[in-house]
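To start, the structure itself, in structure tokens.
The values are calculated or read from the model by the stated rules, or taken from the named source; none is laboratory data. None of these values were measured; they are calculated from a predicted model. Backbone-built Cβ (ideal geometry, glycine too); neighbour counts: all protein chains shown. Ligands, DNA and RNA are stripped out before the accessible areas are found, and what is left, the full protein with its side chains, is counted by its heavy atoms. Shrake-Rupley method; radii C 1.70, N 1.55, O 1.52, S 1.80 Å.
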Amino acid sequence: MRRLFDITVAAVALVLLGPVLLAIHVMIRATMGGPALFRQTRSGLHGRDFEILKFRTMLDQRYPDEPDATRITRVGQLLRTTSLDELPQLINVLRGDMGIIGPRPTLPSQVVHYSPRQRGRLDVRPGLTGWAQVQGRNALSWPVRIEYDLWYVRNRGARLDLVILWRTVGVLLRPSGITAAGGVNPGFPVPASAETGTSAEAKQQPRPAPVRTPRTDAFPLPRPIVWSGPITHSPVDPTRLLPPQRHAGDSLAEEVS
């Protein structure tokens, strides 16, 4: 039933948004040249690799170590702000690589840093939107973002999916948390290739700022938190979602990612 829902929504969306997709394709070719699509390997269901599709938002590097900020075009910035650069992933949904709802797919070089427990987020297909996306997106620290995804995997169902879809509309209308401070989620395992600026990942993977900002500056909650047991609170009421927090100095404050 879930797979039928994914195929139906993706197919209808591609038909209805066909003119929009074509217009974006033309704008990218006119401002950045070809190709219009960016392709990158991500980890999907059970850790299987697949090729994710996005609209290009950045120019190719003109010289080594060129800052990402100078490579993002006006069209690319608009696509990122409105999340329209993610629309080609509807094709990934039709292919079976992704679903409409699920944890966002990450790079294989980041997945290798997962603990055995964190690999539980790979037990479902990655999605276009998910529980972590409607809770703060990239403004969340990486360990907390994974915990939201794990909570979704344990509690997913039709009712929760409808809540996520409804909140996604609000996130799209009032964009926030698209990029974390410094370009990287606090506690995020940055792959070595993103730091060296390889042609594939450097196009879309922002680099961290030379000086790290404090974790609390980019994190909306007072302190980093960790779930030490199953979360059983209602997904509809966020105030009942978070269990008691632990101080960062506590040896159990964070998992090693």
Give, in nm to one decimal, the length gained when the segment between residue 30 and residue 16 is fully stretched (0.36 nm per residue of separation minus the Cα-Cα distance). 2.7 nm
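Roll a 1.4 angstrom probe over the protein heavy atoms and tell me the percent of accessible area of region 1-177 that is carbon or sulfur.
C and S atoms contribute 63 percent here.
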Taking the Cα centroid of region 37-53 and of region 127-152, what is the distance between the two, rounded to the nearest whole Å? 18
Short version: what are the Cα gyration tensor semi-axes of region 1-53, square root of 5 times each eigenvalue, largest first, in whole Å? 26, 20, 4
If you roll a 1.4 Å probe over the heavy atoms of the protein chains, what accessible area per residue do you get for region 1-177, in Å²? 47
Reciprocal of mean inverse Cα separation for region 1-177 (Kirkwood radius, Å): 17.1
Going by average Cβ density within 10 Å per residue, which order do the peptides 92-98, 46-52 take, highest to lowest? 92-98, 46-52
Working only with C-alpha atoms, what are the Rg and Dmax values of region 19-98, expressed in angstrom? 13.6, 39
Residues of region 20-42 with backbone N under 16 Å of the label point set 7 Å from the Cα of residue 73 along Cα→Cβ are 21-39
Using a 1.4 Å probe and ignoring any ligands, DNA or RNA, find the accessible area of residue 20 and quote it in Å² to the nearest 10. 60
